[in-house]
Each structure stands twice: as structure tokens, then as C-alpha cells.
1. Is the stretch 88-99 home to any residue that is touching a Leu at 6+ places or on another chain (Cβ under 9 Å), among the charged types (D, E, K, R) and over 20 Å from residue 46 (Cα atoms)?
2. Return the total of residues in the stretch 15-69 being free of Cβ contacts under 8 Å to residues at least 40 places away in the same chain and aliphatic (A, V, I, L, M).
3. Name the pairs whose Cβ atoms lie under 6 Å apart, with the first residue in the stretch 150-174 and modelled with pLDDT of 75 or more, the second assigned to a helix (DSSP H, G or I), and 6 or more positions between them or separate chains?
4. Please find, among 56, 29, 64, the residue that is basic (Lys, Arg) and in contact with a helix residue (DSSP H, G or I) (Cβ under 6 Å, 6 or more places away or on another chain).
5. Residue by residue through the stretch 28-60, note down the ones that are farther than 25 Å from residue 133 by Cα and polar (S, T, N, Q).
Amino acid sequence: MTLLAAFIFFSIVGFSGEYLGSLIMNHKKETLLLGPWMPIYGLGFLFVHIIHQFLKKKNITKKKELILCYIISVLGITICEEIGGLLTYHFFHKNYWDYTSLPLSIGPYINVFVSLGWGVLALIIEYLIYPKVKPFLQKIPKSITTILFILLLLDHLICFHRHNLLYTLNLHPF
């Protein structure tokens, strides 16, 4: 249940970071979901956490663990950005991010500098932030985590319904 709480927590933190960034940049940030979360950040956390746990079990030095975790995180998160961007555009006909104006961009969804930055952020979150917030996440009642997860799922259903995606896929929940 702690990992589910962490998924929700980092989804909300990701949303908050992007929202604050858009306020600072005086740029209206359009989001897909209605609630204050961006699950891609929660998924990114889970991906990095699983990689970290796997590497911890190997008999390697801490330095090698950090380097491998960084490289795998950069590659994994970059692939998630590309797939997420392609799927979002395919199903919703929107680009929620576009790196083409930045140097070293590979299409609209990948930028070398951004990817390297995601890797640094992933290590900061996994090695520094998560150990500090984990005790608080463990104290969240299971009922609260479950309710938040159900709200997140409902938000997805409403979003898909709102964009007629469920009708396109021949799924009609409402």
C-alpha cells in the first residue's frame, strides 16, 4: 500500500511542480485530467524505485549502483516521454509538451538535456526524497489511499469519456 500511496503522492507532486512552473513562466498549463495529479510522474517514480530495488540486490558498489540507476532511469523515462507524447497526440490530438525549440531535440517529445535532467531528478527523488517521505506515506490510512486511487481512476474514465475515447475503442461505461 505504501507504493500505491507513493505513486499518488508523486503524481500530485509532479502536477504541483508543473503548475508552479507554469505560474512562474506565466504560461497556461493545459492538463488532460481534471484532478491535481499527473500519473506519469507516479509511474516514473515506480519505474525508478523498481530499478533501484533490483540494483540494490546485486553485489555492486554504491557508485556503480548510482550510475546504472541513472542510465536506466534516463533511458526508461525518455521512452515513457516518447510513448506518452505519441499516445496523447494519437488519442487526444494534443501535444502537452514540445521540445522542438530546444537544442538537441529528437522530435517533439524527446530532448537530450531534458532527459539527462529527468535522470538527475529521478536519483534525487529515489535516494533523497523518498526515504524522507516514506515514513509519512506508511502512516496514511489504507482507506485514504484507496479512495484517492479510485478518484484517480474515475478521473481517467471521465477524461476518456470527455474525449470520446471510450466510444472510439467501443467501450461505453456511461
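The values are calculated or read from the model by the stated rules, or taken from the named source; none is laboratory data. Please read all numbers here as calculations on a predicted model, not as lab measurements. Glycine gets a Cβ as well: all are built from the backbone with ideal geometry, and neighbour counts include every protein chain shown.
1. Looking through the stretch 88-99, at least one residue is touching a Leu at 6+ places or on another chain (Cβ under 9 Å), among the charged types (D, E, K, R) and over 20 Å from residue 46 (Cα atoms).
2. Applying the first criterion (free of Cβ contacts under 8 Å to residues at least 40 places away in the same chain) to the stretch 15-69 yields 15-29, 36, 38, 41-43, 47, 50-51, 53-65, 67-68.
Add one more test, that the residue is aliphatic (A, V, I, L, M), and what stays is 20, 23-25, 38, 43, 50-51, 55, 60, 67-68.
Residues that pass the stated criteria total 12.
3. 160/166
4. After applying the criteria, what remains is 29.
5. Those that are farther than 25 Å from residue 133 by Cα and polar (S, T, N, Q): 31, 59.
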